[in-house]
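Peer 1: What follows is a single structure, and I will ask about it in a moment.
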Amino acid sequence: MADMIQIKGLNKYFGDLHVLKDINLTVKAGEKLVILGPSGSGKSTLIRCVDFLEEPTTGEVVIDGTPLTKKNHLEMARKYSSMVFQQFNLYPNMTVLGNLTLAPIKLQKKSKEEATKTALAALERVGLAHKAGEFPQNLSGGQQQRVAIARAMCTKQPIILFDEPTSALDPEMVQEVLDVMVELAQENITMICVTHEMGFARQVADRVIFMDDGQIIEEGTPANFFDNPQNPRSREFLAKILH
């Protein structure tokens with residue numbers, strides 16, 4: 001598989017706070033990568049740098065052979081990546097269908113008919129075709145997040161980034177969102193997911209990376225990481241999370 005994302009010598013400072021420390025990471029096309037680690041370890045900042053929502057202080061992010069820059073990042077995001085956030089970030093004054101067709105029509109210059117057809121197919125896949133005419137505030141948290149995932153699917157980009165997509169949900173709504181993500185993982189999409197859902201990581205990830213204090217301190221297959229973690233910090237984290 002070709003490399004889809006290369007992160008080289010990435011550092012990120014917020015003022016004096018050194019949040020990412022010399023990160024080097026390659027993600028292959030179609031790979032499902034799950035990023036684990038305690039709060040404040042730099043996980044979300046890392047994937048925000050991949051989408052250039054945060055600008056690296058030093059180092060670079062290369063997507064499909066092209067380095068991300070201030071000049072090209074919007075065009076690159078349009079072409080390659082969509083993101084699903086903790087908070088659903090749906091437009092409250094637009095219907096579900098309006099939320100899903102906005103980017104394809106405005107940014108990708110799709111016709112309204114084509115965008116609508118794609119949106120309804122995506123809603124069908126997440127089990128919410130019957131909610132197309134509803135406004136987001138009339139949906140549960142789990143439904144809103146499924147709409148946000150459907151929106152990411154509508155742009156048909158090869159990369160989807162998930163930033164703790166279940167962390168704002170009530171526990172009983174978490175599974176409905178994870179089920180959609182598990183199904184999405186069957187496709188040839190490059191997925192990077194920051195999550196605390198260990199069962200999901202085990203089931204879906206091709207590779208798990210564990211971050212602590214702004215660094216990648218362990219990586220491996222889910223079986224290796226969960227059953228035989230090498231780093232003492234990884235072992236301590238898993239002991240807390242899994243028991």
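The values are calculated or read from the model by the stated rules, or taken from the named source; none is laboratory data. All figures in this text were calculated on a predicted structure; none of them were measured in a lab. Don't worry about glycine lacking a Cβ; one is built from the backbone with ideal geometry, like all the others, and counts go over all protein chains shown. Heavy atoms of the whole protein, side chains included, go into the accessibility calculation; ligands, DNA and RNA do not. Shrake-Rupley method; radii C 1.70, N 1.55, O 1.52, S 1.80 Å.
Peer 1: Let me know the charge dipole size of segment 102-167 about its Cα centre in debye, to the nearest 20, where only the beta-carbon of Lys, Arg (+1) and Asp, Glu (-1) is charged.
Peer 2: Charge dipole, segment 102-167, about its Cα centre: 280 debye, nearest 20.
Peer 1: To the nearest 0.05, what FRET efficiency results for LEU17 and HIS130 with a Förster distance of 35 Å applied to their C-beta separation?
Peer 2: 0.15
Peer 1: Follow-up question, since we're still on this one. Which value, in debye to the nearest 20, describes the size of the charge dipole of segment 15-84 about its Cα centre when Lys and Arg Cβ atoms bear +1, Asp and Glu Cβ atoms bear -1, and nothing else is charged?
Peer 2: With only Lys, Arg, Asp and Glu charged at Cβ, the dipole is about 200 debye.
Peer 1: Next up: Give me the net charge of GLU176's neighbourhood, meaning all other residues with Cβ under 14 Å from the Cβ of GLU176; Lys, Arg count +1, Asp, Glu -1.
Peer 2: Residues near GLU176 contribute -2 overall.
Peer 1: Would you please calculate the Kirkwood hydrodynamic radius of the chain over all C-alpha pairs and express it in Å, rounded to one decimal?
Peer 2: About 18.5 Å for the chain.
Peer 1: Oh, and also: Could you work out how far helix 112-125 tilts from the main Cα principal axis of the chain, as a 0 to 90 degree angle to the nearest 10?
Peer 2: Helix 112-125 and the main axis of the chain meet at about 60 degrees.
Peer 1: When the label point is put 7 Å from the Cα of GLU183 along its Cα-to-beta-carbon vector, which residues of segment 201-231 have a backbone N closer than 19 Å?
Peer 2: 201, 203-205
Peer 1: Filter the trypsin sites (Lys or Arg not before Pro) in segment 98-134 down to the DSSP loop ones having no more than 12 other Cβ atoms within 10 Å, then list what survives.
Peer 2: LYS109
Peer 1: Let me ask something else about it. Starting from 0.36 nm per residue, how many nanometres of slack lie between SER140 and SER39 once their C-alpha separation is accounted for?
Peer 2: My answer for the length gained is 33.8 nm.
Peer 1: What relative contact order, as a whole-number percentage, does segment 104-164 give when Cα pairs under 8 Å and 6 or more residues apart are counted?
Peer 2: 37
Peer 1: If I model a spin label at THR26 and SER111 as a point 7 Å from the Cα along the Cα→Cβ vector, what separation in nanometres do I get?
Peer 2: Label at THR26, label at SER111, 4.3 nm between them.
Peer 1: Rounded to the nearest percent, how much of the accessible area of the chain (1.4 Å probe, protein heavy atoms only) is carbon and sulfur?
Peer 2: Answer for the chain is 50 percent, counting heavy atoms of protein chains only.
Peer 1: Calculated from DSSP H runs of 4 or more alone, at -39500 (n - 2.57) each and per residue, what is the 222 nm mean residue ellipticity of the chain, nearest 500?
Peer 2: Mean residue ellipticity at 222 nm (helix-derived): -11500 deg cm²/dmol.
Peer 1: How much length is gained on full extension from LYS240 to GLN86, taking 0.36 nm per residue of separation minus their Cα-Cα distance?
Peer 2: Fully extending the segment from LYS240 to GLN86 adds 53.2 nm.
Peer 1: Over segment 1-98, what number does the Rg to Rh ratio reach, with both radii from the alpha-carbon atoms and Rh per Kirkwood?
Peer 2: 0.99
Peer 1: What is the spin-label model distance, in nm, from HIS73 to HIS196 if the labels are put 7 Å beyond Cα along the C-beta direction?
Peer 2: Each label point is offset 7 Å from its Cα along the Cβ direction, giving 2.7 nm.
Peer 1: With a 10 Å radius around each residue's Cβ, average the other Cβ atoms per peptide and rank 14-26, 194-206, highest first.
Peer 2: 194-206, 14-26
Peer 1: Using the heavy atoms of the protein chains and a 1.4 angstrom probe, tell me the accessible area per residue for segment 1-105 in square angstrom.
Peer 2: Normalised by residue count, the accessible surface of segment 1-105 is 46 Å².
Peer 1: Report the relative contact order of the chain, percent, no decimals, based on alpha-carbon pairs under 8 angstrom and at least 6 residues apart.
Peer 2: Here the relative contact order equals 26 percent.
Peer 1: If you don't mind, another one. Report, in debye and to the nearest 20, how large the dipole of the chain comes out about its Cα centre when Lys and Arg carry +1 and Asp and Glu carry -1 on their Cβ.
Peer 2: My answer is approximately 740 debye.
Peer 1: Have a look at segment 113-171 and give its Rg and Dmax from the Cα atoms, expressed in angstrom.
Peer 2: 11.8, 37
Peer 1: Shifting gears a bit: Can you pull the Rg over Rh of segment 49-118, Cα-only, Kirkwood?
Peer 2: Ratio of gyration radius to Kirkwood radius: 1.04.
Peer 1: Continuing with the same structure: Provide the per-residue ³J(HN,Hα) series for segment 194-208, in order, calculated from phi with Karplus coefficients 6.51, -1.76, 1.60 and θ = phi - 60°, each as a whole number of Hz, with x at glycine and proline positions.
Peer 2: 8, 7, 10, 8, 5, x, 5, 4, 5, 6, 9, 5, 7, 8, 10
Peer 1: Can you find, among HIS18, SER167, VAL96, the residue sitting farthest towards the positive end of the charge dipole of the chain, where Lys and Arg contribute +1 and Asp and Glu -1 at Cβ?
Peer 2: VAL96
Peer 1: Cα atoms only: what Rg and Dmax, in Å, come out for segment 110-222?
Peer 2: Considering segment 110-222 through its Cα atoms, Rg and Dmax are 15.4, 48 Å.
Peer 1: With axes computed from alpha carbons, what is the tilt in degrees of helix 141-154 against the longest principal axis of the chain, rounded to the nearest 10 within 0 to 90?
Peer 2: Rounded to the nearest ten degrees, it is 90.
Peer 1: Also: If each residue of separation counts as 0.36 nm, what is the full-extension length gain between GLN175 and ASP3 once their alpha-carbon separation is subtracted?
Peer 2: Using 0.36 nm per residue and subtracting the Cα-Cα distance, I get 58.8 nm.
Peer 1: What Kirkwood hydrodynamic radius do you get for segment 19-157 when you take the inverse of the mean 1/r over all pairs of distinct Cα atoms, in Å?
Peer 2: Here the Kirkwood hydrodynamic radius works out to 16.5 Å.
Peer 1: Given ALA115, THR190, GLN157, which one lies farthest toward the positive end of the charge dipole of segment 108-193, if we put +1 on the Cβ of every Lys and Arg and -1 on the Cβ of every Asp and Glu?
Peer 2: The residue sitting most towards the positive pole is ALA115.
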